[in-house]
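Let me begin by presenting the structure, written as structure tokens, before commenting on it.
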Amino acid sequence: SIRNRSHAIEALLSRETHPQIKKAVILAADEGITFRPFTYEMPKAMLPIKGRPLLEYVITQLRLHDIRELYITVGYLSEKIISYFGNGSKFGVSINYISQNKKDVGTGGALLACSKFLKANEPFFLIYGDVLADIHYQDMAKFYYRRKNAFGVVALTTVAHPELWGVVKIKGHNIVEFDEKPTKTKTQSHLISSGIYLFTPEIFSYIPKGEKISIERDVLPKIVKAHKISGYIMEGRWYDISTPAIYAHALKTWKI
């Protein structure tokens with residue numbers, strides 16, 4: 001997305017000044033109950049789009065931006081994912097799988113299981129395995145390095161019906177309010193969390209103990225209150241494959 005010569009010089013200097021982020025965690029253990037009977041045979045992350053699994057698009061986009069050290073949480077029908085992707089070498093990445101012993105530990109519990117693989121002060125991306133997005137990850141990383149007081153960044157997008165997702169309010173670049181699936185009467189912003197994040201391991205100190213911990217409900221509000229998180233507004237296409245209707249729309253409109 002280089003606009004002109006001066007922008008190209010700025011981009012090259014920025015690449016030398018700010019280290020690229022190389023690691024990503026992908027949460028891909030969702031059973032996809034709303035997609036049955038299809039998900040009786042495959043995990044939700046393996047739903048096909050244009051002949052390729054949804055998760056493959058996530059991995060390909062990460063590799064495109066030189067993010068090649070991947071940690072994928074798996075659970076339901078995990079053998080389907082592991083058999084298809086293997087160690088990741090065929091896709092130009094390295095994949096480590098983290099199996100969830102319990103049926104549903106929530107997004108926070110799934111992330112916490114990856115903590116031993118992530119070094120202190122080393123930023124990483126967190127992506128939900130059912131998100132189909134056209135996003136420039138290293139541009140988001142550059143945005144993060146410019147925010148001196150935040151240890152996390154949420155990629156934001158806009159939708160017509162924000163009450164179906166986590167609604168965000170920002171002041172400047174800082175997120176000042178996060179409300180997961182609010183009522184229509186409370187909805188004022190059309191900015192929502194895209195399910196794509198950038199964190200440092202400091203995030204783990206904000207994940208409470210317990211069962212079925214949600215990042216959106218149990219973790220993000222505390223980080224927002226601590227004034228430690230920023231919002232990066234993404235410009236590309238975005239689909240949260242959360243319902244059969246959205247899936248059907250993605251099948252018709254997504255372009256490889």
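The values are calculated or read from the model by the stated rules, or taken from the named source; none is laboratory data. Nothing here was measured: the structure is a model prediction, and the numbers come from that model. Neighbour counts are summed over all protein chains in view; Cβ atoms, including those assigned to glycine, are modelled from backbone coordinates with ideal geometry. For accessibility, only protein heavy atoms count, side chains too; no ligands or nucleic acids. Shrake-Rupley method; radii C 1.70, N 1.55, O 1.52, S 1.80 Å.
Structure above, values below:
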{"quantity": "Amide H contacts of I170 (H built 1.01 Å from N, under 5 Å, at least 5 apart or other chain)", "calculated": "V176"}
{"quantity": "Portion, in percent, of the accessible area of segment 48-100 that falls on carbon or sulfur, probe 1.4 Å", "calculated": "50 percent"}
{"quantity": "Partner aspartates and glutamates for K22 [C-alpha distance under 14 Å; skip if fewer than 8 residues away on the same chain]", "calculated": "D66, E69, E122, D139"}
{"quantity": "Alpha-carbon spread of segment 33-82, three principal axes, descending order, Å", "calculated": "36, 24, 16"}
{"quantity": "Anchor K212: aspartates and glutamates whose Cα lies under 14 Å away (excluding residues fewer than 8 positions away in-chain)", "calculated": "D30, D104"}
{"quantity": "32 Å Cα-Cα threshold exceeded, pairs from K23/K255; K80/K228; K23/K209", "calculated": "K80/K228"}
{"quantity": "Volume in Å³ per residue [convex hull over Cα atoms, computed for segment 11-160]", "calculated": "146 Å³"}
{"quantity": "Amide H contacts under 5 Å for S214, placed H, 5+ residues apart", "calculated": "G108"}
{"quantity": "Sequence-separation-based contact order of segment 12-155, relative, with Cα cut under 8 Å and 6+ spacing, percent", "calculated": "33 percent"}
{"quantity": "Segment 196-256: GluC sites (Glu not before Pro) in DSSP loop, at most 11 other beta carbons within 10 Å", "calculated": "E211, E235"}
